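Engineer: First, the structure itself, so that you have it in front of you.
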Amino acid sequence: MRSYSKICVKSTNPHLTSVVDYGLITLNLGMLVTSIAYFQLNILLPFINVLSTIFLAVAPLLLNTQEYKTQTHVSDGDSFDFIVVGAGSAGCVLANRLTEIGNWSVLLIEAGDDPPLISDSPGLSVLMPMALPDWNYQTLDDGYSSQAQKTRNIHMVRGKMLGASSGVHYMYYVRGNKADYDKWTQLGNPGWDWHNVTHYFKKSEHLLDPVILNGKTSNLHGKNGYMHITRPVWKGRPERYLEAFEEIGNNLLLDTNGIEQIGYSFPSFTIGNNLRQSTAVAFLQPILDRKNLYLLKNTLTRKVIFDNDKTIVGVEVKLSSNKIVTIRAKKEVILSAGALNSPQLLMLSGIGPKDHLDKIGIKTLVNSPNVGKNMQDHALVPVLISGDDNIRSFIEIINVFRNLDKFPTASLLGHIALDKFQTYPDYQATVLPEHRGSILPVFMCKNVFKWNDKVCTSMAKAALKREVAFAVLTLLHPESRGKIELKSSEPEDAPLIHSGFFSDVQDIETFARCVEDYTKVINSSYHKSFEAEIVDLNLDECAKLPFGSHEYWKCYVLNMSGTQFHPVGTCAMGAEGVVDERLRVKGVRGLRVVDASVMPTITSGNTNAPVVMIAEKAADMIKRDNGC
């Protein structure tokens, strides 16, 4: 039995290697040849199948992992001051900040391995999601929502590697709205108001945009944090799209994360020096030489263990050797396994709804009825608007393939309120203005969001004929709630994921109005100049309704609903929640949850930046609560 304080560290290179450069060349050539065939011969879904085959053929060149740290060797009964379960958006931040205290030993446990090199590439990681390590979770088919998905349920992409989902998401850096955090305090969580959380957003941020840093919102940003943030600005057609949104009454914003959020802008990304800023890259790589940081990879945490007084003892894990051991925590265990796995671990440990635990055959330690409940997610639907039929835009394909080490396409981001006097948004529009012949709409359809073949074929035909603005619209504040349940008492069984999409039917009405509001952009002079149209995706479930009618859009959002991969709220903080405002699990001592699951309500936009903020704030609370 050992108490740790030292470890051997290997050096690592954060940049893509020559092997990846070779893979990029191969991939570029394959994509170019296949795209020309697609454009000239009208190959639709078979074209994407060919391209996917090319991607998977070069994947072995791109999936070489980069070793972050030698594996810690543990024996049954070994102890550390802190154990952090999950090396994702929150866990890597916690490992960084807690090891700032030199005499604290911190063990970071991750079920996956080191991240593959491809995950560092902003462009390749977006275009090759099927090649990245994933838990491969699926929601249950409720026979109601998401019926235009190919499998009538949703693939919940969750990264399984150091950095976790921060290594597979789409890198948008969106903090959310002031009202989001003020609401958290109203729900009984003092200290989580906008003023306080802004300090922690700034603490992690290293903004590389000189325009914003010298502008009127500079005081809201940090330039000394670990996580690099950039804001690409695209000229030409993307600017004309922004002007079109402005013409129909929307504000244009310089700073997505500034004083105001309502409007359209060029978004900020967690990208720096052409590298994806996953939390593994941003927060782990710089501290690999800290001797009080220990890393346990390819290790599944099975449950949390307590003594008879409900005080933390440690965790039971299954090592890469398949040996099951107990590792002890002298101070705290922190669950940062995400909104799907953290409630699963609590229930496996006897903390959860007693009726559900009884059904599964797990003895209840703490009857905590809201564990796994309150799940919120950002449902999304695609909306395509046709553009010019200018064949010259096909030349732009070459530029896309030449820049796969960067974000692969122009992007606009809108946060829009249906009530124009409202200061928080109802929906988010992520808009990709694509050239004629672009592969991205159908590729995203088939390989990311996984709508059915008929829908993807309709997207491919539209992109073949004209330029398209491919947008995904997100309902930001759903009233509907899903839940996480256990399938069994076996830790290796995936949890049961009930999306809950549109379980409150008011969300259908609101989301349909959001689609109608967005599509008003076709009335702008820019879109009228080439007779733009909303693309009909030939949805079977809505075929009997007049296309574009309010009833059609209600049917459309119900059946086309996918996810933006933002589940939150399953271990919510608050008076009726699972954890208190300091993220301590109620009913036990020495256990916290720090990840997206603690959000009582979902934020107004992408959730990665808020999770990093939560971890930054939690680290300070943990330090104070342990005498530092």
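The values are calculated or read from the model by the stated rules, or taken from the named source; none is laboratory data. None of the values given here were measured: they were computed from a predicted structure. Every residue, glycine as well, gets a Cβ built from its backbone with ideal geometry; the counts of neighbours run over all protein chains shown. We work out accessible area using only protein heavy atoms, side chains counted, and drop any ligands, DNA or RNA first. Shrake-Rupley method; radii C 1.70, N 1.55, O 1.52, S 1.80 Å.
Engineer: Relative to the present Cα-Cα distance, how much length would full extension add between ASN523 and ASP307 at 0.36 nm per residue of separation? Provide the component values of the computation, followed by the final result.
Structural biologist: Values: separation 216, 0.36 × 216 = 77.76 nm, distance 6.60 nm.
Answer, rounded to one decimal: 71.2 nm.
Engineer: Provide, for q = 0.14, 0.23, 0.26 Å⁻¹, the log10 of I(q)/I(0) from a solvent-free Debye sum over equal Cα point scatterers in the stretch 445-524.
Structural biologist: Taken in order of the listed q values, log10 I(q)/I(0) reads -0.75, -1.15, -1.19.
Engineer: Between ASP141 and ASP453, what FRET efficiency follows from the Cβ-Cβ distance if R0 is 22 Å, with the result rounded to 0.05?
Structural biologist: Working: r = 18 Å, r/R0 = 0.81.
Rounded to the nearest 0.05, the efficiency is 0.80.
Engineer: While we're looking at this one, here's another question. Using a 1.4 Å probe on the protein heavy atoms, what percent of the accessible area of the stretch 504-553 belongs to carbon and sulfur?
Structural biologist: Working: 1250 of 2580 Å².
C and S fraction of accessible area: 48 percent.
Engineer: I've got another one for you. Summing -39500 (n - 2.57) over the DSSP H runs of n ≥ 4 in the chain and dividing by its residue number, what mean residue ellipticity at 222 nm do you reach, to the nearest 500 deg cm²/dmol? Write down the numbers at each step before the final one.
Structural biologist: Details: 17 runs with 179 residues, N = 628.
Rounded to the nearest 500, the figure is -8500 deg cm²/dmol.
Engineer: CYS628 accessible area, nearest 10 Å², 1.4 Å probe?
Structural biologist: 80 Å²
Engineer: Another question about this same structure. Rounded to whole Hz and in sequence order, give me ³J(HN,Hα) for the stretch 274-285 from the Karplus expression 6.51 cos²θ - 1.76 cosθ + 1.60, θ = phi - 60°, writing x for Gly and Pro.
Structural biologist: Calculated HN-Hα couplings, in order: 6, 10, 4, 8, 4, 5, 5, 5, 6, 10, 8, 3 Hz.
Engineer: Assuming 0.36 nm per residue, please report the length gained on full extension of the stretch CYS628 to THR423 beyond their Cα-Cα distance. Intermediate values should be presented prior to the final figure.
Structural biologist: Values: separation 205, 0.36 × 205 = 73.80 nm, distance 3.87 nm.
Roughly 69.9 nm would be gained on extension.
Engineer: What are the lysines whose alpha-carbon lies under 27 Å from the alpha-carbon of LYS216, with same-chain residues fewer than 8 places away excluded?
Structural biologist: Answer for LYS216, where 27 Å is the Cα cut-off: LYS178, LYS183, LYS202, LYS203, LYS235, LYS420, LYS617, listed by chain and number.
Engineer: When DSSP beta bridges are limited to those with both residues in the chain, what percentage is antiparallel, rounded to the nearest 5? Intermediate results must be reported in sequence, preceding the final value.
Structural biologist: Numbers: 54 of 82 bridges.
If we restrict to bridges inside the chain, about 65 percent are antiparallel.
Engineer: Now, a different point. Among the helices of the chain (complete DSSP H runs), which have Cα atoms covering no less than 30 Å along the helix axis and a Kyte-Doolittle mean of at least 0.5?
Structural biologist: On the way: long enough: 18-41 (34 Å, 1.26).
Helices passing the filter in the chain: 18-41.
Engineer: Which whole-number percent gives the relative contact order of the chain, counting Cα pairs below 8 Å spaced six or more residues apart?
Structural biologist: 20 percent
Engineer: Hey, what's the chain come to in accessible area per residue, 1.4 Å probe, Å²? Intermediate values should be presented prior to the final figure.
Structural biologist: Values: 22780 Å² over 628 residues.
Each residue of the chain exposes 36 Å² on average to a 1.4 Å probe.
Engineer: Tell me, what is a quarter of the convex hull surface for the C-alpha atoms of the stretch 94-135, in nm² with one decimal?
Structural biologist: Working: hull surface 16.3 nm².
Dividing the Cα hull surface by four gives the mean projection, 4.1 nm².
Engineer: Starting from the amide H of LEU108, placed 1.01 Å from N in the peptide plane, find each other amide H under 5 Å away whose residue is 5 or more places distant or on another chain.
Structural biologist: Correct list: VAL84, TYR294, LEU295, LEU296.
Engineer: Then there is this: Relative to the Cα centre, what is the charge dipole magnitude of the stretch 218-353, using +1 at the beta carbon of each Lys and Arg, -1 at the beta carbon of each Asp and Glu, and rounding to the nearest 20 debye? Intermediate values should be presented prior to the final figure.
Structural biologist: On the way: 17 positive and 11 negative charges, 188 e Å.
Roughly 900 debye, rounded to the nearest 20.
Engineer: Here's another thing I want to ask about it. Taking 7 Å along the Cα-to-C-beta vector as the label spot, tell me the ASN224-LYS330 distance in nanometres, rounded to one decimal.
Structural biologist: Calculated label separation equals 3.1 nm.
Engineer: Read phi for every residue in the stretch 491-496 and hand back ³J(HN,Hα) as whole Hz from Karplus 6.51 cos²θ - 1.76 cosθ + 1.60, θ = phi - 60°, with x for Gly and Pro.
Structural biologist: x, 7, 7, 4, x, 7
Engineer: If packing is taken as the mean number of other Cβ atoms within 10 Å per residue, what is the order of 204-213, 379-388, 595-604, highest first? Write out the running numbers ahead of the final one.
Structural biologist: Working: 204-213: 18.3, 379-388: 23.2, 595-604: 27.4.
In descending order of packing, they fall as 595-604, 379-388, 204-213.
Engineer: Nearest 0.05, what FRET efficiency do GLU509 and VAL233 give at R0 = 30 Å with Cβ-Cβ as r?
Structural biologist: On the way: r = 37 Å, r/R0 = 1.22.
Computed FRET efficiency for GLU509 and VAL233 comes out at 0.25.
Engineer: What relative contact order, as a whole-number percentage, does the stretch 178-222 give when Cα pairs under 8 Å and 6 or more residues apart are counted? Let's see the in-between values first.
Structural biologist: On the way: 34 pairs, mean separation 13.4, N = 45.
That works out to 30 percent.
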